[in-house]
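What follows is a set of notes on a single structure, which appears directly below.
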Amino acid sequence: MSLDLQPSARPGGLFSDLYIGLMSGTSLDGVDGVLLRHAQGNWQMLAHAHRPLPPTLRQALLDLNTPGEDELHRSALASQALAVLYATVVQAICTSADVLPSEVQAIGAHGQTVRHRPDQGYTIQLNNPALLAEMTGIDVVADFRTRDVAAGGQGAPLVPAFHQAIFGKPDQTVAVLNIGGMANLSILRPGELPLGFDCGPGNALLDMWCEWQTGHAYDANGEFGALGDVKEDWLEDALQEPFFSLAPPKSTGRDLFNAEWLNRWLGPHGLTDGPLSDTDLAHDVQATLCELTARSAALALRDHAPDAGEVVVCGGGALNGDLMRRLSEQLPGVRVGRSDTHGLDVMQVEAAAFAWLAWTHCHRLAGNVPGVTGARGERVLGALYPAR
């Protein structure tokens, strides 16, 4: 299976096999959507659209990551608002590609994760796929993680099989590091099923500290953190988090790496979640958190794929120049580069994966890899919401 990014004639028509993938990740930066065409084992990228999360919706989703008053009502309203935003992305994609909704086979809509507790047998992604199907006139496949969790799995990560199809090589081991709010690794060895697991925080803690200190939702290109120095003793404290030493399969989210975790780490050093008057120290904290993301990923790679000769980085973290530099320093002798060099923009990879997962559902193919998630076996993932 390969990804062909060459332009083509009008993609729709009687024999088209078109799928849209939508992704809004734990970074809460926005919604990315892609339109892919599947033909004879190959995937062709036809269009991409991005819409930022409105500040009120972003805050509502962030608040729902922790228990609060009237959660059910607030969850329902947030799900509706998210579906409306998804629909605007779908419309933009169809307009850009000159495709009618009736020509699209299905939308794969991941939803927004607000709880992820496979240890308790559940995972929750806010979404309103029925409303999305009603608004777009396209079948929607959603709720991908639940079936794997029901089979005893982590429900995450679900992208290693897609990564294998797109980035795998016949002659060397490749690792794919997706850095969204959390970071996950896919290990792709020739002739073997992929491995994969969440390896720790991605952008979530970085974004949190940056917003507390600057008012900006993220550290553009890592410029704020690049001004600081890593506090090695603080970093070693952070790396004592038990999650890092767990053996795969494992997954994580804002249930663990959240404001409470960050304050618990800061507390012994006399810091809180408020802005610091000492800007040098604020930069140092950001640099240390950036190093935590890089080093935890590098340690996981050395433990589980010391034979990897290349790391393909995708997700919003790939746009952080300081983080990419730190990754390269932590992985001497390994080629560290962005997915762009393989023909797929860093912000399109996960959305493309959910278009692929919608395709697997529609063709009754397994979407999970039991060796990755720990499920009892292969399962068809997702639930279908027909447009009519």
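The values are calculated or read from the model by the stated rules, or taken from the named source; none is laboratory data. Being a predicted model, the structure only gives us computed values, none of them experimental. When we count neighbours, we look across all protein chains shown, and the Cβ atoms used for this are built from the backbone with ideal geometry, even at glycine. Please note that ligands, DNA and RNA were not included when accessible areas were found on the heavy atoms of the full protein model with its side chains. Shrake-Rupley method; radii C 1.70, N 1.55, O 1.52, S 1.80 Å.
Once backbone amide H atoms are built at 1.01 Å from N, D17 has H38 as its partners under 5 Å, excluding neighbours fewer than 5 places away on the same chain. In order along segment 95-106, the Karplus-derived 3J(HN,Hα) couplings, from 6.51 cos²θ - 1.76 cosθ + 1.60 at θ = phi - 60°, round to 5, 4, 8, 6, 10, 7, x, 5, 8, 8, 6, 6 Hz, and Gly and Pro are given as x.
Choose one answer from H283, H50, H269: the residue with the largest mean-square fluctuation in a GNM of the chain with alpha-carbon springs under 10 Å. Highest fluctuation among the options: H269. Proximity of backbone amide H atoms, modeled 1.01 Å from N, is registered between T113 and L126 at under 5 Å, excluding neighbours fewer than 5 places apart on the same chain.
Roughly how tilted is helix 349-362, in degrees to the nearest 10 and between 0 and 90, from the longest Cα axis of the chain? So the helix axis and the longest Cα principal axis differ by about 40 degrees. For the chain, the mean residue ellipticity at 222 nm estimated from helices alone is -11000 deg cm²/dmol, where every DSSP H run of n ≥ 4 contributes -39500 (n - 2.57) and the total is divided by all residues, rounded to the nearest 500. The Cα-based radius of gyration of the chain, divided by its Kirkwood radius, gives an Rg/Rh of 0.95. The fraction of accessible area contributed by carbon and sulfur in segment 193-280 is 51 percent, rounded to a whole number (1.4 Å probe; ligands and nucleic acids excluded). Springs between Cα atoms under 10 Å define the GNM used for the chain, and in it the highest mean-square fluctuation of V311, V230, V34 occurs at V230.
Residues of the chain were split at every exposed loop site, defined as GluC sites (Glu not before Pro) in a DSSP loop with at most 13 other C-beta atoms within 10 angstrom, and the longest piece left, sites excluded, is 193-388. Counting only protein heavy atoms and using a 1.4 Å probe, the accessible area of S245 comes to about 100 Å². Spread over its residues, the convex hull of the C-alpha atoms of segment 238-388 is 180 Å³ per residue. Using a 1.4 Å probe on the protein heavy atoms, what percent of the accessible area of segment 305-388 belongs to carbon and sulfur? With neighbouring chains kept in place, the figure for segment 305-388 is 51 percent. Summed over the residues of the chain and divided among them, the accessible surface reaches 41 Å² per residue at a probe radius of 1.4 Å.
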